[in-house]
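The values are calculated or read from the model by the stated rules, or taken from the named source; none is laboratory data. Keep in mind the model is a prediction, meaning the values are calculated, not measured. Cβ sites come from the backbone with ideal geometry, for glycine too, and all protein chains shown count toward neighbours. Heavy atoms of the whole protein, side chains included, go into the accessibility calculation; ligands, DNA and RNA do not. Shrake-Rupley method; radii C 1.70, N 1.55, O 1.52, S 1.80 Å.
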Amino acid sequence: MSMRRSMRTSKLNMAASLLRLGHGGRRLKLIINEKNQKLISSRGFAASLQSLLIPSNDTACYEAHNVIQNASFHSSCVRVRSKSELEARKEFLLARLDKKKRERVEVWRNMSVIELATKLNLKPKQLLTILHDHVPEGHFYKSKADLINNAEILQDVVKFLGKAPVLIATKVNETDDRDIDAHPRPPPNPEDLVKRAPIVTIMGHVDHGKTTLLDYLRKANVVASEFGGITQHIGAFSVKLGNNDSVTFIDTPGHAAFSSMRSRGANVTDIVVLVVAADDGVMEQTIESIRMAHEAGATIIVAINKIDKPGANVKRTEEMLAQHQLYTENMGGEIQAIPISALNGTNVETLVEAILIQSEMMDLKGDPSGLAEGVIVESRQDLHKGKLATAIIQRGTLRKGAILVAGDAHAKVRLMFDEAGQQITQATPSTPVEMMGWRELPSAGEILLEVESEKRAQQVLSYRKAKEIKSKGLADQQVIKEKAQEQQKLHHEKRRRAYEQGLRSMLDKREKMFVEDNSPKLKVIIKGDVDGSVEAILDVLDTYHNPDVPLQVVHYGVGDTTPNDLELASLFKATIYCFNVRTPPKLKEEAKAKRVPVKHMNVIYHLIDDIKQEVGGKMPTVEQEIILGEADVIQQFNINEKRKKIVVAGLRVTKGEIVKSEKVKLVREQEVLYEGSIASLRHIKTEVNSMKHGTECGLMLGDSSIPVKLGDTIVCFKHNLVQKPVEWNPGF
Ligand SMILES: Nc1nc2c(ncn2[C@@H]2O[C@H](COP(=O)(O)OP(=O)(O)OP(=O)(O)O)[C@@H](O)[C@H]2O)c(=O)[nH]1
């Protein structure tokens with residue numbers, strides 16, 4: 001270790017101890033006061049302390065900073081920030097602290113409105129109002145049972161309410177799930193905790209050197225490894241140092257690993273090494289990485305890479321970082337920034353030491369007792385070893401023979417390996433381990449849990465499968481619902497345009513219309529109290545299709561009757577239907593004078609009945625056959641009249657009456673052989689006008705040549721003119 005490095009380490013270790021003792025509160029202020037004189041003499045330490053003071057940043061600590069300033073030692077040794085700089089910094093840090101203090105709210109895709117409202121201590125109605133402002137145009141959440149499947153909306157709403165959203169894979173039903181599903185254990189007792197290695201993810205902009213750095217660290221690890229094997233890529237590896245310290249690196253650069261874990265609610269990363277190329281500086285994905293690290297609550301260490309390149313500018317890079325509130329030590333902040341060359345390995349060891357110092361300050365601990373818990377970082381199919389998965393253990397100790405579940409996969413651990421492919425017998429917190437014995441391949445980011453038995457694993461798996469099927473079904477339902485809403489919106493929009501065009505063309509042709517168009521139709525103006533009721537009425541009217549009396553919606557809108565409604569109604573001879581709205585008395589008078597019907601109602605059935613009645617009055621008339629009576633032919637007579645042979649039927653009236661002045665049909669085996677008048681109707685020898693049910697009579701048809709036979713039926717009928725019925729099925 002170089003001289004400079006060891007000095008730095010000891011200063012920071014001292015600061016770390018101070019921080020642990022006082023941790024940003026009044027205690028720290030006291031310590032500062034007590035040690036004031038000593039502090040003054042140590043320029044480097046004061047700078048480190050100052051950087052520690054500010055991020056810990058509660059009011060007392062801020063005061064402590066003033067104590068240092070007031071003690072006037074800063075003039076000789078500390079770069080003093082201007083007042084406005086300090087204020088801005090304080091605000092930023094307070095915001096960061098607040099974020100950490102924010103109440104965490106678990107959300108999951110397909111969460112219902114009522115579930116989210118309950119989590120946020122809101123009434124569903126209040127949440128629906130908030131949701132309205134957070135959903136993209138065209139999406140609606142109308143009822144408390146609606147499911148929200150967009151994770152972004154869920155998170156936005158929680159953030160909007162000042163809380164911290166935590167996206168979890170599926171709903172954890174506290175009452176039902178606890179017994180059936182497997183879950184991480186409750187927090188351990190502090191006395192069970194032992195020091196553990198920091199878990200580090202390397203992030204940064206494309207091409208800034210993440211892979212090169214990981215490669216260098218992996219190779220360096222092989223050299224350090226006592227087995228001397230070739231380090232394989234298994235998703236994570238440990239870099240071991242001489243004094244038993246080690247650092248665990250997630251061996252996948254960039255956002256993918258980070259995101260997949262975060263999306264499952266797992267976060268293993270303690271420290272993010274932010275790689276920034278010194279020739280390029282802060283770029284888009286650098287900023288994105290800073291954001292992700294902050295959101296995951298991980299501490300950032302900056303590796304300013306490619307310092308060997310001619311265009312490298314460390315100072316400029318640090319200034320750019322400061323623009324994104326990442327203040328490195330050189331900029332008077334608390335972030336460690338190590339200039340490195342990942343390609344040549346320059347300062348990479350210093351970077352590892354900085355990580356260890358940071359982890360010392362973070363006081364990272366884990367509980368190695370009990371069943372193992374961890375996070376899957378990678379899985380793969382090996383030709384010889386079968387299904388393999390790498391996990392980082394977070395709690396407990398994993399041993400051969402353990403039964404594991406991760407998402408919908410499970411395993412009985414047959415063998416365990418480290419990154420050098422060497423068999424290991426146990427894995428404690430922060431250890432990356434490759435496991436053999438998986439029945440299915442688990443996905444990266446899944447939470448790994450050891451369970452008591454194979455039976456228990458099967459129980460967990462079948463429960464999870466059933467839950468997934470259910471939630472998929474719900475998701476499908478939601479998609480169908482959203483599609484339907486979209487269609488409905490398009491339909492409404494189309495209708496609005498059609499009505500507007502229709503009205504425009506009606507207005508254009510109005511004079512011509514009055515002269516030419518006398519065809520029956522019902523014109524209506526619809527007024528309603530809210531958009532929803534007007535839409536509902538228009539939807540019902542859309543089901544009306546009657547070419548005899550078409551229905552024309554001249555105009556529609558929300559609110560009480562207006563003079564404009566009246567004018568339009570009078571112009572087009574339309575009826576105004578008011579649904580839950582009023583017509584001012586003055587307009588009522590005016591409507592009466594102009595003979596404009598204005599009808600008020602509040603039940604949609606009444607509206608339908610009224611329209612049916614109105615339309616009914618305008619329907620055309622049609623001839624309707626009315627049966628007056630029926631008679632059976634029971635005899636057949638042949639009479640000679642004026643040398644002509646005439647057939648006369650002897651009848652018995654079986655229904656109603658036979659009326660001489662009306663028409664008859666001769667029906668034989670359901671076939672009508674004659675339809676026409678009656679020439680003669682006689683009772684015995686007397687000519688009569690009608691014969692009633694139960695009597696017998698003789699009947700001669702208008703066409704006397706028609707041969708009436710025994711067994712034929714005579715049906716007497718007449719035609720009436722009736723109005724066509726209104727056929728309209730509004731669907732309910
Ligand atoms: N001169 C110099 N080149 C470097 C250094 N580190 C990385 N490079 C080069 O920069 C290029 C990109 O490096 P990578 O390690 O692939 O970068 P990355 O960030 O992993 O890129 P992505 O995986 O695409 O996001 C390669 O050509 C490296 O050889 C360095 O310290 N010095």
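Could you go through region 534-546 and let me know if any residue there is open to solvent by 20 Å² or more (accessible area, probe 1.4 Å), in contact (Cβ under 8 Å) with a residue 12 or more places away in the chain and in contact with a Ser or Thr (Cβ under 9 Å, 6 or more places away or on another chain). Taking every residue of region 534-546 in turn, none turns out to be open to solvent by 20 Å² or more (accessible area, probe 1.4 Å), in contact (Cβ under 8 Å) with a residue 12 or more places away in the chain and in contact with a Ser or Thr (Cβ under 9 Å, 6 or more places away or on another chain). Of the numbered criteria (1) hydrophobic (A, V, I, L, M, F, W, C); (2) more than 16 Å from the ligand (Cβ to nearest atom); (3) surrounded by fewer than 19 Cβ atoms within 10 Å (Cβ to Cβ), the one Leu404 fails is (3). Look at Asp382 and say whether it is surrounded by fewer than 17 Cβ atoms within 10 Å (Cβ to Cβ), within 27 Å of His233 (Cβ to Cβ) and modelled with pLDDT of 95 or more. When the stated conditions are applied, Asp382 does not pass them.
Listed here are the residues, each with its yes/no results for (1) in contact (Cβ under 8 Å) with a residue 12 or more places away in the chain; (2) closer than 20 Å to Thr713 by Cβ; (3) out of contact with any helix residue (DSSP H, G or I) (no Cβ under 7 Å at 6 or more places or on another chain); (4) crowded, with 17+ Cβ neighbours inside 10 Å.
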| site | (1), (2), (3), (4) |
| --- | --- |
| Ile627 | yes, yes, yes, no |
| Glu641 | no, no, yes, no |
| Val648 | yes, yes, yes, yes |
| Thr654 | yes, yes, yes, no |
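Of everything in region 323-347 that's among the β-branched types (Val, Ile, Thr) and closer than 16 Å to Ala312 by Cα, which residue is surrounded by the fewest Cβ atoms within 10 Å (Cβ to Cβ)? Applying the filter and picking the extreme gives Thr346. Look at (1) without any contact (Cβ under 8 Å) to a residue 40 or more places away in the chain; (2) open to solvent by less than 40 Å² (accessible area, probe 1.4 Å) and you find that Arg414 fails only one, number (2).
I'd like to verify a number: residues in region 186-213 that are assigned to a helix (DSSP H, G or I) and away from the ligand (no atom under 16 Å from the Cβ), how many? Qualifying residue count, region 186-213: 3.
Based on this model, can you work out whether Ala389 counts as more than 16 Å from the ligand (Cβ to nearest atom), touching a residue at least 40 places away in the same chain (Cβ under 8 Å) and more than 39 Å from the chain's Cα centre (by Cα)?
So Ala389 fails the test.
Checking each residue in region 417-432 for being β-branched (Val, Ile, Thr) and either more than 18 Å from Val451 (Cα to Cα) or open to solvent by less than 40 Å² (accessible area, probe 1.4 Å) (or both) picks out Ile424, Thr425, Thr431.
Condition test on Gly421, is it within 16 Å of the ligand (Cβ to nearest atom) and assigned to a loop (DSSP other than H, G, I, E, B)? The answer is no for Gly421. Confirm whether Ile403 is in contact (Cβ under 8 Å) with a residue 40 or more places away in the chain and among the β-branched types (Val, Ile, Thr). Considered against the rule, which asks whether it is in contact (Cβ under 8 Å) with a residue 40 or more places away in the chain and among the β-branched types (Val, Ile, Thr), Ile403 comes out as yes. Taken over region 693-726, the residue count meeting the criterion of being of a type in the set (D, E, K, R) and out of contact with any Gly (no Cβ under 8 Å at 6 or more places or on another chain) is 4.
Yes or no: Ala569 part of a helix (DSSP H, G or I) and either surrounded by 15 or more Cβ atoms within 10 Å (Cβ to Cβ) or without any contact (Cβ under 8 Å) to a residue 24 or more places away in the chain (or both)? Taking the combined requirement at face value, the residue satisfies it. Filtering region 288-304 to residues that are of a type outside the set (Asp, Glu) and more than 15 Å from the ligand (Cβ to nearest atom) leaves Ile290, Arg291, Ala293, His294, Ala296, Gly297, Ala298, Thr299, Ile300, Ile301. Checked against (1) surrounded by 17 or more Cβ atoms within 10 Å (Cβ to Cβ); (2) within 12 Å of the ligand (Cβ to nearest atom), Ile271 passes all but a single condition, namely (2). Within the bounds of region 456-467, is there any residue that is open to solvent by 40 Å² or more (accessible area, probe 1.4 Å), closer than 24 Å to Asp367 by Cα and not in a strand (DSSP E or B)? Yes, because at least one residue in region 456-467 is open to solvent by 40 Å² or more (accessible area, probe 1.4 Å), closer than 24 Å to Asp367 by Cα and not in a strand (DSSP E or B). Take the residues in region 214-260 that are touching a Lys or Arg at 6+ places or on another chain (Cβ under 9 Å), open to solvent by 30 Å² or more (accessible area, probe 1.4 Å) and within 14 Å of the ligand (Cβ to nearest atom); name whichever of them is modelled with the lowest pLDDT. Once the filter is applied, the top-ranked residue is Pro253. Of the residues contained in region 283-303, none is found to be of a type outside the set (Ser, Thr, Tyr), more than 39 Å from the chain's Cα centre (by Cα) and open to solvent by 20 Å² or more (accessible area, probe 1.4 Å). Selection of region 310-352 for residues being away from the ligand (no atom under 12 Å from the Cβ), of a type in the set (S, T, N, Q) and in a loop (DSSP other than H, G, I, E, B) yields Asn313, Gln323, Gln325, Gln336.
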